[in-house]
Structures are given as structure tokens and as C-alpha cells.
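Below: one structure, written as C-alpha cells.
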């Protein structure tokens, strides 16, 4: 096949084209998290019934998955700066396959929780290294476009995942969902083997060792601009995950929608997120990624305030809440690709470590959010709205203060 051709800029003179099949594989690796989350969301109530536990314990399967994602990225990202990307990608995807099988066979909720943690850890390897591979080859506006384009491709995951989950839940049950995820991991393993070469030459690697890894991580954390964009990215992800973790209970248990209807609403919002990521690839030809990011955060803040006020007045305001959920997820698409590219550009020499911190923080926030939105009545939209508002305020503050005076023109 051909290559992804992206308009270059002065900061990306050393950029090398990424073959289309390779980008698709990287997108599939990045889609591991949304697929492993969104596909089983419609099944969460039935998992509780089948394994004889309550909703709050079932939510731990989501929390432990997110913790695994965070730890996997934090560990493997810096290691890949020393050992390279390809071998670690192959090992991580193989473990992902095995844990999908373990989750499908889980006899108790405790086993499922453990399986989800390992599944998250191994899935995190693919997520962190997919970003690092792109950063190995591109920078600047080119990188922002590729990150957004990869999110467009990977964005199909949250569109089809809940639909597949809702369709499979009836005939195959919740275990069938995990068998499908295991099969997808097998396909991904084959794709990585066939299409992703080593992108970090030996001469560009850093010495291995715990001390080197620690210094590398400390270095990226001392970079004010990187930290600002990482906080903006991570806490905006927290807003998205507030919606993701609470919506099955708010819409099904609180508002009475069926799993099938919930899946359709969820897919529509995912379409909005995917469309805005695609639009972002066109918009940043004319508007700097940093400018797009800042305006998107201001819009998100207005949406979060409107959502909080709406549900505080009427917690059963179905139509306004559904509209605000759609606007929230759609606007977030203008944050992710730009914040990722701007953060990674700030620590380009240690892309694995930068990607590790970015991803680990993202999913640490994601792991904490279900605990926050679970406070109070699980079917109430109020905790979800307050959580969205809180994290958007933090994200906006971080970007507008820590990246002020940035030298880069983006």
C-alpha cells in the first residue's frame, strides 16, 4: 500500500513517511483501550448478576484495567528507549491475547479483576509504543495530524465496540465479549509482526538500567511545557472517562434506556469524537495546534458548567443531558491530538519516557474517575457532571499557565 502523506512544516524536516498499513496497525494498538472498555460496558450490569456482586465491585474491573494501563505504559515506555520498540510490542500483544482468554474464563469477580489488570498492563504496551513510534518518525504539525488521524481510525473502536457488545451480549453473554477481544489481540499480534519495523535505531537508544530510566522520567517531569500539555491531555481524558464510566448506569438504571439504546447513544457520541479528530487534521493547516487546543478547552469549560447546572436543576432532564454529552465528547476531539503532539514535541529526545508519562497519567486519571463518579447514587448524573467540571477546570488551568511563553510557534 501507499504512505500517509502529510503536509510538512519547518519543525518536521526530518520526518519520514509512515506506510498506511503501519499506521493502521498503530491505530489498532491504540484502540486496545477503548475496545477493551467500551465493548463490555453494556454487559456491566449482567456481569454483576452472573458473578453475584454489586455494581461498585463490577466497576473495579474498569478501575483495575485503567491502573494496569497506567503502570504498563510507565514501565515499558522508558524501557523501550533502551531496548527499542518492536520486540516489546510483540511481547505485549501476545500477553494481551492470553489475558483476554483468562478474562473470558473467569469463574469469579476476583479472577476477572486480576485478568483485567494484566490485560490493561499488556494493552498499555501497545498504547505507549504506538505514540513513541510516531514520535520517532515525525514532529510538529505533521505529528499532530498523524496523532489526530490515528485517533480517527482508532475512533471507530468506540463506535462499533458498544454495538458489538450489545449485539453479542444476548446470544453469547458477557464471556463472548472477552473471547472477541482475545481474537482481536491475535489479529493485532499478526499485524505488528508483519507491518511494524524497529523505529528506534541502536545509536539513538539510551543505556539500560533503573538509574537511567529514573533520570529519563525525572527529566520529562521537569519540563514545564510537557507537564502543562500532559495535565491538559490527562484531565480532559478524565472528563471523557467521567462520561464513559457513569453513562451505563445513568442512562440505563437512572433513565430507563435499554442496553441496545444505550449502545446507540454511546456510538453516536463516539462518531462526534471521531469526526472532530478528523476535522482537526484539516483545521491545523490554518490554525496553530496550540490555538485550537486553547479554544477547545474554553468551549469544554462552558459545556461542563451547562451540564452541572442542568442536572442540578433536574436530574432527569434526558434531552438536554444527551445533547450536552454529545457536545462534550465532540469537543474533546480537538484536544487529544494537539495536546499529544505538543507534549511529545517538548521531550522528543526521550519519546518513550514522554509517552509513558503522558499515558500513565492519562489512565491514572481514568482509574480514579469511576471512584469519583460513584459517590452518591450510582444512577444520578450529578456526580458525573461535577467530575467533568472539576477536571476540565484543572486541564484548562494547567495549559493556560504552564505553557505560557512557550517558544515553539505551534
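The values are calculated or read from the model by the stated rules, or taken from the named source; none is laboratory data. It should be emphasised that the depicted structure is a prediction, and the values quoted were computed from it without experimental measurement. Don't worry about glycine lacking a Cβ; one is built from the backbone with ideal geometry, like all the others, and counts go over all protein chains shown.
The table for this structure:
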read-out: Number of positions in region 207-227 that are part of a loop (DSSP other than H, G, I, E, B) and modelled with pLDDT of 85 or more; value: 2
read-out: For residue 55: the one exception among (1) surrounded by fewer than 20 Cβ atoms within 10 Å (Cβ to Cβ); (2) closer than 30 Å to residue 218 by Cα; value: (2)
read-out: Out of 262, 257, sole residue that is outside any helix (DSSP H, G or I), crowded, with 17+ Cβ neighbours inside 10 Å and touching a helix residue (DSSP H, G or I) at 6+ places or on another chain (Cβ under 8 Å); value: 257
read-out: Output for region 291-346, where each listed residue is touching a residue at least 24 places away in the same chain (Cβ under 8 Å) and outside any helix (DSSP H, G or I); value: 315, 316
read-out: Residue 358 vs. criteria assigned to a helix (DSSP H, G or I) and either out of contact with any helix residue (DSSP H, G or I) (no Cβ under 7 Å at 6 or more places or on another chain) or under 26 Å from residue 323 (Cα atoms) (or both); value: no
read-out: Within region 40-69, considering residues that are outside any helix (DSSP H, G or I) and modelled with pLDDT of 80 or more, the one nearest to residue 252 (Cα to Cα); value: 53
read-out: So residue 340, is it within 21 Å of the chain's Cα centre (by Cα), over 19 Å from residue 266 (Cβ atoms) and crowded, with 24+ Cβ neighbours inside 10 Å; value: yes
read-out: Every residue from region 274-290 that is surrounded by fewer than 24 Cβ atoms within 10 Å (Cβ to Cβ) and either part of a helix (DSSP H, G or I) or touching a strand residue (DSSP E or B) at 6+ places or on another chain (Cβ under 6 Å) (or both); value: 274, 275, 278, 279, 281, 282, 283, 290
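So that you can scan it fast, the table gives a plain yes or no per residue for (1) free of Cβ contacts under 8 Å to residues at least 60 places away in the same chain; (2) under 20 Å from the mean Cα position of the chain (by Cα); (3) assigned to a helix (DSSP H, G or I):
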| residue | (1), (2), (3) |
| --- | --- |
| 171 | yes, no, yes |
| 200 | no, no, no |
| 229 | no, yes, yes |
| 238 | no, yes, yes |
| 248 | no, yes, yes |
| 251 | yes, no, yes |
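Residues are listed down the side, and each one gets a yes or a no for (1) at pLDDT 90 or above; (2) assigned to a loop (DSSP other than H, G, I, E, B); (3) crowded, with 18+ Cβ neighbours inside 10 Å; (4) out of contact with any helix residue (DSSP H, G or I) (no Cβ under 9 Å at 6 or more places or on another chain):
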| position | (1), (2), (3), (4) |
| --- | --- |
| 370 | no, no, yes, no |
| 375 | no, yes, no, no |
| 384 | no, no, yes, no |
| 391 | yes, no, yes, no |
| 398 | yes, no, yes, no |
| 408 | no, yes, no, no |
